[in-house]
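Novice: I'd like to ask you about the structure that follows.
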Amino acid sequence: MRAGTDRRTPIRTLLAGAADGAPVRVTGWVKTSRFSKNVSFVHLFDGSTPQTVQVILDVDQAEAFKTRLGIGAAVAITGTWKASPGGHQAFEVAAGAIEIVGDCDPSDYPIQRKATSLEHLRTLAHLRPRTNTFQSVFRVRNAASWHIHRFFQERGFMWVHTPIITASDAEGAGEMFEIVAGDPPFFGKRTFLTVSGQLAVENFAQAFTDVYTFGPTFRAENSHTPRHAAEFWMIEPEIAFANLDDVIALAEAFVKEVTLATIADCEGDFDFFDQRIEPGVKAAVIGAVEQPFHRVTWHEAQKILVGVQRDWEYPVGPGTSLQSEHERFLAEEYFKGPVFVTNYPADQKAFYMRLDDALTDGVATVSATDLLVPRIGEIIGGSQREERLDVLDDRIRAHGLEPEGYWWYRDLRRYGTTPHGGFGLGLERLLLWMTGMKNIRDVLPYPRTPGNAEF
Ligand code: 4AD
Ligand code: MG
């Protein structure tokens, strides 16, 4: 057993350039191994990089360990970092001491070398993190999360930890999971898992100006689509003294910077997506964020949809709503890039969105925006908020809700109200777009969807 220091050198660090001849200790799991008279080696991964490190065994080591160094085994190897005569890698580890930390019977191991379908791997959510695809997905998920925080922190936004347990329906859509605890109720009233931190974070914007919340949100919508999950992570910035244009400018800068920084951090992972998941995705995404995003009003968008000769599954034109097929057409085919759709009909959007001053074609609209991207459709929903108390009360009632239930939200409209707004980005939607992965179940560590909460 080793002493308590020098636990390991991450493979990423080694490959980035350890000195020739340096003593090293690598830990990880066997990806592949080969034992033969001439040369025996194992390839290890440890999660720090898409690459494996090659460990060369001498004849005696190979003989002693070949039955225990199959795929999946957990090992710790000390040895020497050496220039590699083989063509595939510049350096390799010449094994000194080999420790089998955790045996793995290859005949029984559910993760085999041959490709397995993503659907099947969903039934192995505890082991799929060891596959190439999920190694890349979750490294990218981590990098994106880091750059999301960095983006806001560098701009002086304050991270607010809004509650997960709430009594108010932030979207007013009645899609909340109820918390059943205690009789009488634990909290003295009915409570739910939050659908959005927005209302809570709005109060903080009225005190700290630029804020954001980033955490899990929950929706009890019974949507069986590749883009909906019952538990997902949302980033919601909120800015005071701001209008819809300010919100859109922030959203555009945010998507662009986070996307480029994440790709730059995870080059190898994006090469993998490009080659194995969605050919061309890397260049397409980079191309998309290197251009200005488009902008169109909901009414203009409907005119575009009416003007194309298509067999739409859902109707288009006045009185209709944008369905996924329409959203994807706009982003993918018409604008050929991300597009902000703005000023939706008021009756299609949440109660808190600011009512526009003038009607369009006789229709009341709100200062809302959705950002649509190719292949996915909506990744962001946002708006300027209704800061006028009388208008807000009318809108709450028009949605069949009770103003009293939102008393504290309404209070902010009485005490130093400001024009303000923000947006919500679904982290998983952004990841689907960046990586080319097709199903939200494959970018969440443990997806929760209708009928699904194993693991
Ligand atoms: O459009 P939504 O419902 O907007 C809000 O929740 C606002 N409170 C945001 C705000 O203004 N602060 O949701 C925002 C985003 C969507 O655009 C989508 O990316 C994601 O959250 N989203 C989901 N992602 C996965 N599964 C679901 N069921 C989702 N519902 C929304
Ligand atoms: Mg939305």
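Each value in this text was obtained by applying a stated rule to the coordinates, not by laboratory testing. Remember, predicted model here, so these are calculated numbers, not experimental data. No Cβ is skipped: glycine too gets one built from the backbone with ideal geometry, and neighbour counts run over all protein chains shown.
Novice: How many nm separate the modelled label positions at ALA253 and ASN132, each set 7 Å beyond the Cα in the direction of the Cβ?
Specialist: 3.9 nm
Novice: To the nearest 0.05, how large is the calculated FRET efficiency for HIS88 and ASP108 if R₀ is 30 Å and r is the Cβ-Cβ distance?
Specialist: So, using R0 = 30 Å, E works out to roughly 0.55.
Novice: What is the distance in Å between the Cα centres of the stretch 148-170 and the stretch 261-315?
Specialist: 27 Å
Novice: Continuing with the same structure: For a footprinting-style exposure proxy, rank TYR415, TYR109 by other Cβ within 10 Å, fewest first.
Specialist: TYR415, TYR109
Novice: Let me ask another. For a quick check: sort THR116, THR49 by the number of other beta carbons within 10 angstrom, fewest at the front.
Specialist: Ordered from fewest to most neighbouring Cβ atoms within 10 Å, THR116, THR49 come out as THR116, THR49.
Novice: While we're looking at this one, here's another question. With a Cα-only, solvent-free Debye model of the stretch 328-455, what are the log10 I(q)/I(0) values at q = 0.10 Å⁻¹?
Specialist: -0.45
Novice: So, one more: For the chain, compute the orientation-averaged projected area of the C-alpha convex hull (one quarter of its surface), in nm².
Specialist: Mean shadow area of the hull around the Cα atoms is 26.9 nm².
Novice: Can you put ARG295, ARG128, ARG388 in order of Cβ neighbours within 10 angstrom, beginning with the fewest?
Specialist: Ordered from fewest to most neighbouring Cβ atoms within 10 Å, ARG295, ARG128, ARG388 come out as ARG388, ARG295, ARG128.
Novice: Please compare each pair in LYS256/LYS349; LYS282/LYS349; LYS31/LYS256; LYS114/LYS336; LYS114/LYS256 to a cut-off of 30 Å on the Cα-Cα distance and tell me which ones are over it.
Specialist: LYS282/LYS349; LYS31/LYS256; LYS114/LYS336; LYS114/LYS256
Novice: How fast does the stretch 25-169 diffuse by Stokes-Einstein, in µm²/s, taking the Kirkwood radius from C-alpha pairs at 25 °C and 0.890 mPa s?
Specialist: Translational diffusion coefficient: 137 µm²/s.
Novice: So what is the relative contact order for the chain, in percent, with contacts set as C-alpha pairs under 8 Å and at least six apart?
Specialist: Over the chain, the number comes to 13 percent.
Novice: Helix by helix, which DSSP H runs in the chain go 24 Å or more along their axis at the Cα atoms and have an average Kyte-Doolittle hydropathy of -0.5 or more?
Specialist: Result, helices passing both filters: 244-265.
Novice: To continue, here is another question. What number in nm² do you get for the stretch 145-193 if you take the convex hull of its Cα atoms and divide its surface by four?
Specialist: The directionally averaged projection comes out at 4.9 nm².
Novice: I need the Debye-formula profile for the stretch 192-247: one equal scatterer per C-alpha, no solvent, reported as log10 I(q)/I(0) at q = 0.15, 0.21 1/Å, two decimals.
Specialist: Normalising to I(0) and taking log10 leaves -0.52, -0.80.
Novice: Determine ³J(HN,Hα), in whole Hz, for all residues of the stretch 83-95 in sequence, where each value follows from phi through the Karplus function 6.51 cos²θ - 1.76 cosθ + 1.60 and θ = phi - 60°; x replaces Gly and Pro.
Specialist: Listing the rounded values in order: 4, 9, x, x, x, 8, 8, 6, 10, 8, 9, 8, 5 Hz.
Novice: Can you pull the one-decimal nm distance between simple spin-label points at ALA358 and ASP411, each 7 Å off the Cα toward Cβ?
Specialist: Label at ALA358, label at ASP411, 3.9 nm between them.
Novice: Taking the Cα centre of the chain as origin, sum charge times position over the Cβ atoms of Lys and Arg (+1) and Asp and Glu (-1), and report the length of that vector in debye to the nearest 20.
Specialist: 1560 debye
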